[in-house]
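Notes follow the structure.
Only the coordinates and a few stated rules stand behind these numbers; no lab work does. Quantities reported herein were computed from a predicted structural model and do not represent experimental measurements. Neighbour counts run over all protein chains shown; Cβ positions are idealised from the backbone, glycine included.
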Amino acid sequence: MVVALGGAINICRADDVADARNTARSFVQALAKGDADGAKACLAPGVADADTGKFIDALAAMMLGRTKLDDAAVAKFGDQAKPPADPGLAMVAQIDKADGAVDGDTVVLSHPKDPNPLKLRKVEGAWKIIEVGNAQELQKALPRLQAATKAELETAQETSDGKYKSFVEARMALVNKLRALATAPSEPPAPAPAH
């Protein structure tokens, strides 16, 4: 009897990880489509408040910016400008590859190289995300996400307006804008000490 009960617990835990993984898939698919509300629907009550909600809004906006850029490039340059892969599929693949572990009433989906696992808990019978990442890191990422969105939207408009002669030129313009963001200081410089 104990062996059978132990097997049932393991099956429940495997089912919990699979069900939690489905919620995580829905979350990243919504983000990939730029659907902030859909992504937030996968969160536990209160989690979308403050930093996490702002992060999701910014990430969804960036994904919409990428879609607008891709659409503008395809309209201007044809099929050669189609993105090589759907970002949603890549994000779902990451969820599928994540290690899943049950820790009490929580499922943790993690990657060895990612310091921010996705944590889920069953809320009113459904798995909901309770942690997307470190609040300080999410807040720190906001300006970069917003700037990347601006760069994508600018490049989309410039592409539509005919500023670039080729798809490669348009992509390089975006790459250069994003490189400039990467090298910009993430925080304002500290004031010089008074003498």
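The figures follow:
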item: Relative contact order, percent, region 2-183 [alpha-carbon distance under 8 Å, six or more residues apart]; result: 26
item: Interchain or long-range residues, amide H under 5 Å from Lys128's placed H; result: Arg121, Lys122, Val123
item: Net charge dipole size for the chain [Lys, Arg +1 and Asp, Glu -1 on Cβ; Debye, nearest 20]; result: 460
item: Using θ = phi - 60° and Karplus 6.51 cos²θ - 1.76 cosθ + 1.60, couplings along region 147-155 (whole Hz; Gly, Pro as x); result: 5, 5, 4, 4, 4, 5, 5, 4, 5
item: Under DSSP loop assignment and at most 14 Cβ neighbours within 10 Å, longest trypsin sites (Lys or Arg not before Pro)-free interval of the chain; result: 1-112
item: At R0 = 41 Å, FRET efficiency that the Cβ-Cβ distance of Asn134 and Ser166 yields, to 0.05; result: 0.50
item: Angle in degrees between helix 167-183 and the longest Cα principal axis of the chain, rounded to the nearest 10; result: 70
item: Neighbour cut-off at most 13 other Cβ (10 Å), DSSP loop, GluC sites (Glu not before Pro), region 37-141; result: Glu124
item: Evaluated over region 93-147, the Cα radius of gyration and Dmax, each in Å; result: 13.0, 39
item: Cα-based radius of gyration of region 1-148 once divided by 2.2 N^0.38 Å, which approximates compact folds; result: 1.20
item: Angle in degrees between helix 2-32 and the longest Cα principal axis of the chain, rounded to the nearest 10; result: 20
item: Separation in nanometres of the label points that stand 7 Å from Cα toward Cβ, at Ala50 and Leu178; result: 3.1
item: MRE, 222 nm, helices only [DSSP H, n ≥ 4, -39500 (n - 2.57), over the chain, to nearest 500]; result: -21000 deg cm²/dmol
